[in-house]
Amino acid sequence: MGNSEKQRIGIVGAGAAGLAAAWSLGRSGSFDVSVYEAAAHVGGVATTRGVSLPGGGAVRVNDQVLLGTPSYRNTARFFEEFGFSLSPTRLQVAMGTGDARWSTARATPIIARMRPEIRRFRRALELVRRAPMPLFLAIPIDAVLRAGRFSADFRHRVLYPLMSLFFASGVDSARVPAAVVAGLFLDEDSRLFDLDAETFLAPSTPITFFPDLAEVYARVAAALNARVHTDAEVLSVVRSARGVRIERRGGAHEELDAILIACSAERALPLLADASPLERLALRGVTYQDVTLVTHTDADYIRHHYGDDPGNGTQYYVRNAPRDMTRLEISINLGSCQPWLPEGAGLSVFQTFDPLDTIRADRVLFTRRTRHNRTTAGYFLRVLPLLRRIQGRRRTSFAGAYLMFNNHENAIVSGLAAADRLGAPYPFSDEPAARLQFERYRRAVYG
């Protein structure tokens, strides 16, 4: 390849990570970029669906990516490039049922009983923050809390239900590294939750919600200085000293200088026709769990199982299984999570993750089954060091939320970091908060 020629970069996956990378590479002017998406639409898990309202009419709701924080500065800046913004609000949750119920709205008996443990929890997290990071990345939070003799009620009815909002339903919150949990509560730059000695979660905890994500990513794809191919499944990737050869469904072949794989680890590995032993070991180490998401209009389900009026502004509900407190169900009032909707629209549309009871069939709008990567101490101890060793090797880079945490900010940063490593400078260096998130990711994933 001559010096005057542009590098030919292929990106597999048109989700947040792949499109952020394509945008950064395309704006630099030094790359010829092609994006390949197996689905008929872009956006990956950042999906938006149309739903019919009980009283007639229809609205569009984001149904997988909902919750952000003010620390999602790379996401905010990226959206602003295309004329969109995140909507700030305050987190309103209702946790548990019966005597174990607590919320951000008011103090409850269980939280009053837990106040000594809440104060001890803060002190425990402060000790974790002061210790060497690698130590408590290797130790799950449940081990720390058991060693500190925290009660099962505090762990499973107070802390882990709250953490499930961040790590998604089905993920075993008890196995999350203690250092990660400490950051969620205490990190000045990226914390998600504000601890309060009286109510556990401060009533003023700020969060952000997303605009219509299908509209966002359709506009992103249309504006890129890149070719975006939908319904274009990549079947195999073969690397050599001369370049990268990909085969697409239908028999099309393309020759590239480098490939960026921006899909899940379990989808990435089968693409690599010549995967090295280290690539197989690293990508197989990323574990996933199946999650069922039921979108419905069964307001009686919310009233009966959570004891709450769906019209009071609560956004998130979490409850334990009656006979197994380690099992959790999350329900979301989608209308309260979509401030860009017309006032009052969609307030009776809900989404329940892994339902513990039966939702009325005639009120189910659609059911989606998806997979979430686990964020465990084992991942940071054994898998992430291996993933670092395959990044950029054999003309191949990897991006996606599975490389750190399963959230939208991490997906965006992973794409920008991959583009930066390929030679497209990080675009938001003028904002310290965004740069900080980027640098933390880069150190963790690239070493």
Of the conditions (1) in a helix (DSSP H, G or I); (2) within 23 Å of E126 (Cβ to Cβ); (3) open to solvent by less than 10 Å² (accessible area, probe 1.4 Å), the single one that F193 does not satisfy is (1)
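Identify the residue in the range 422-435 that is closer than 22 Å to S397 by Cβ and assigned to a helix (DSSP H, G or I) and, among all such residues, is most open to solvent (accessible area, probe 1.4 Å).
If we filter the range 422-435 for residues that are closer than 22 Å to S397 by Cβ, which is where we start, we get 422-429, 434-435.
Checking which are assigned to a helix (DSSP H, G or I) leaves us with 422, 434-435.
Numbers: L422: 37, A434: 0, R435: 68 Å².
That would be R435.
How about the range 212-267: which strands (runs of 3 or more DSSP E) wholly inside it have at least 1 residues that are open to solvent by 40 Å² or more (accessible area, probe 1.4 Å) and not β-branched (V, I, T)?
Working: elements: 227-229, 234-239, 244-248, 253-256, 258-261.
Passing ranges, in order: 227-229, 234-239, 244-248, 253-256.
Which of the residues belonging to the range 2-24 are open to solvent by 40 Å² or more (accessible area, probe 1.4 Å) and either touching a Cys at 6+ places or on another chain (Cβ under 9 Å) or among the charged types (D, E, K, R) (or both)?
Start the filter on the range 2-24 by keeping residues that are open to solvent by 40 Å² or more (accessible area, probe 1.4 Å), which leaves 3-8.
Across the range 2-24, the qualifying residues are E5, K6, R8.
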Read through the list (1) open to solvent by 40 Å² or more (accessible area, probe 1.4 Å); (2) closer than 23 Å to E247 by Cα; (3) part of a helix (DSSP H, G or I), then give the number of the only condition that R27 fails.
-> (2)
Looking at (1) touching a Ser or Thr at 6+ places or on another chain (Cβ under 9 Å); (2) open to solvent by less than 60 Å² (accessible area, probe 1.4 Å), which is the only condition D290 fails?
-> (2)
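Given the options T69, T47, T104, name the one that is open to solvent by less than 40 Å² (accessible area, probe 1.4 Å), out of contact with any helix residue (DSSP H, G or I) (no Cβ under 9 Å at 6 or more places or on another chain) and of a type outside the set (G, A, S).
Working: T69 fails: out of contact with any helix residue (DSSP H, G or I) (no Cβ under 9 Å at 6 or more places or on another chain); T47 fails: out of contact with any helix residue (DSSP H, G or I) (no Cβ under 9 Å at 6 or more places or on another chain).
Every option except T104 fails the conditions.
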Does A444 satisfy the condition of being open to solvent by 50 Å² or more (accessible area, probe 1.4 Å), of a type in the set (A, V, I, L, M) and over 21 Å from V45 (Cα atoms)?
-> no
Of the numbered conditions (1) over 21 Å from T287 (Cα atoms); (2) of a type outside the set (S, T, N, Q); (3) surrounded by fewer than 17 Cβ atoms within 10 Å (Cβ to Cβ), P134 satisfies every one except a single condition; which is it?
-> (1)
Failed condition for F438, given (1) open to solvent by 40 Å² or more (accessible area, probe 1.4 Å); (2) at pLDDT 95 or above; (3) outside any loop (DSSP other than H, G, I, E, B); (4) farther than 19 Å from V286 by Cα, with all others met?
-> (1)
Across the range 169-182, the tally of residues that are within 16 Å of the chain's Cα centre (by Cα) and open to solvent by less than 20 Å² (accessible area, probe 1.4 Å) stands at 6
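Among the listed residues D300, D308, which satisfies the condition of being open to solvent by 10 Å² or more (accessible area, probe 1.4 Å), modelled with pLDDT under 90 and over 18 Å from the mean Cα position of the chain (by Cα)?
Details: D300 fails: modelled with pLDDT under 90.
The match here is D308.
Looking at the range 339-351, is at least one residue closer than 21 Å to G96 by Cβ, among the hydroxyl-bearing types (S, T, Y), buried (at least 20 other Cβ atoms within 10 Å of the Cβ) and at pLDDT below 95?
No.
The values are calculated or read from the model by the stated rules, or taken from the named source; none is laboratory data. Here the structure is a predicted model, which is why all the values come from computation and not from measurement. Note that we place each Cβ from the backbone using ideal geometry, even for glycine, and neighbour counts take in every protein chain shown. Heavy atoms of the whole protein, side chains included, go into the accessibility calculation; ligands, DNA and RNA do not. Shrake-Rupley method; radii C 1.70, N 1.55, O 1.52, S 1.80 Å.
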